[in-house]
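Visitor: Starting off with a structure, shown below.
The values are calculated or read from the model by the stated rules, or taken from the named source; none is laboratory data. As the structure is a computational prediction, the values presented were derived from the model and not from experiment. Note: ideal-geometry Cβ built from the backbone for every residue, glycine included; neighbour counts use all protein chains shown.
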Amino acid sequence: MIDLKQYIDSIDLILLQNSTLQPWEVLEHLERILAAHIATLGNDYVIENNIAIHKTATIEEGVTLKGTIIISENCFVGAHAYLRGAIFLSNSVTIGPSSEIKQSIIADHSAVAHFNFIGNSILGQYVNFEAGSLCANHYNERQDKRIMVKHKNQMIDTKTEKFGALVGDHSKIGANAVLSPGTILEPFSVVKRLELVEQVK
């Protein structure tokens, strides 16, 4: 079992409703979780078509929002970013221009620079992705596309074909680095520029 609280200190258990869910299970149920949470939000959010945007958030020109999405207080979403839900951006998250975020949770004060892809992933707080770095979420090259993760020297079968990464608080991902599907990074991890992280061969 992976305890999300060991990776993300600020994880909102009220939002997640069930702290026993594994990261890929949280993402699988994220649409329902966010829809329930949107129903509790106050008038400091503008809510339309299951998209809730805090009034202090900045959404630049050309941004595309699809699905159930919460964009929290003081977030910034740069020009021509593409967010396809379900997505939860916690407080003061920055999404740079022309980045794509798919079915993910990004915790407080984290930043995705520009030209990034974050797919089916959970990022902790104060995480930084430099330009062009990616969380890959699917094994295009394999016949068996089911994703395994390595946690504390044990292999866990996620029973899913779509899961990117769990990135612990304060981690730094260098420019053009790639996190392969099923990557688990401890808090304060550093991934070098151009590095490929492939924990399961």
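Visitor: What pairs come out if I take residues in region 32-48 that are at negative phi and pair them with residues that are at pLDDT 90 or above and part of a helix (DSSP H, G or I) whose C-beta lies under 7 Å away, six or more apart or interchain?
Guide: Taking only residues 6 or more apart or on different chains, the pairs are I47/I38.
Visitor: Restricting to region 143-197, name every residue that is at positive phi and surrounded by 14 or more Cβ atoms within 10 Å (Cβ to Cβ). Walk me through how you get there before you give the answer.
Guide: Narrowing region 143-197 to residues at positive phi: 152-153, 159, 170, 176, 182, 188, 194.
Hits for region 143-197 are H170, N176, G182.
Visitor: Okay, moving on. Determine whether region 71-78 contains at least one residue that is under 16 Å from G124 (Cα atoms) and of a type in the set (V, I, T).
Guide: Narrowing region 71-78 to residues under 16 Å from G124 (Cα atoms): 71-72, 75.
Filter again for of a type in the set (V, I, T), leaving 71.
Yes, that holds for at least one residue.
Residue-wise test of (1) among the polar types (S, T, N, Q); (2) at pLDDT below 95.
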| residue | (1), (2) |
| --- | --- |
| I8 | no, yes |
| Q17 | yes, yes |
| W24 | no, no |
| I53 | no, no |
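Visitor: Any residue in region 181-201 that is modelled with pLDDT of 95 or more sitting within a Cβ distance under 6 Å of a residue that is among the basic types (K, R)? List the pairs, counting only those 6 or more apart or interchain.
Guide: Correct list of pairs: V190/K172.
Visitor: Could you check region 69-93 and list, in sequence order, the residues that are assigned to a strand (DSSP E or B) and surrounded by fewer than 20 Cβ atoms within 10 Å (Cβ to Cβ)? Give the steps one after another, and end with the answer.
Guide: If we filter region 69-93 for residues that are assigned to a strand (DSSP E or B), which is where we start, we get 69-71, 76-77, 82-89.
Scanning region 69-93 gives F76, Y82, R84.
Visitor: In region 151-173, what count of residues is obtained for those that are within 15 Å of S110 (Cβ to Cβ) and part of a loop (DSSP other than H, G, I, E, B)?
Guide: Adding up the residues that qualify gives 5.
Visitor: Just one of K66, K102 is surrounded by 21 or more Cβ atoms within 10 Å (Cβ to Cβ), in contact with a Lys or Arg (Cβ under 7 Å, 6 or more places away or on another chain) and among the basic types (K, R); which is it? Quick ask: steps written out before the conclusion?
Guide: Details: K66 fails: surrounded by 21 or more Cβ atoms within 10 Å (Cβ to Cβ).
Matching residue, one of K66, K102: K102.
Visitor: Could you run through region 105-125 and say how many residues are farther than 19 Å from N176 by Cα, surrounded by fewer than 24 Cβ atoms within 10 Å (Cβ to Cβ) and touching a residue at least 24 places away in the same chain (Cβ under 8 Å)?
Guide: 2
Visitor: Moving on to the next point. Please specify each residue of region 126-142 satisfying the condition of being surrounded by 15 or more Cβ atoms within 10 Å (Cβ to Cβ) and assigned to a loop (DSSP other than H, G, I, E, B).
Guide: Scanning region 126-142 gives Y126, V127, E130, A131, G132, S133, A136, N137, H138, Y139.
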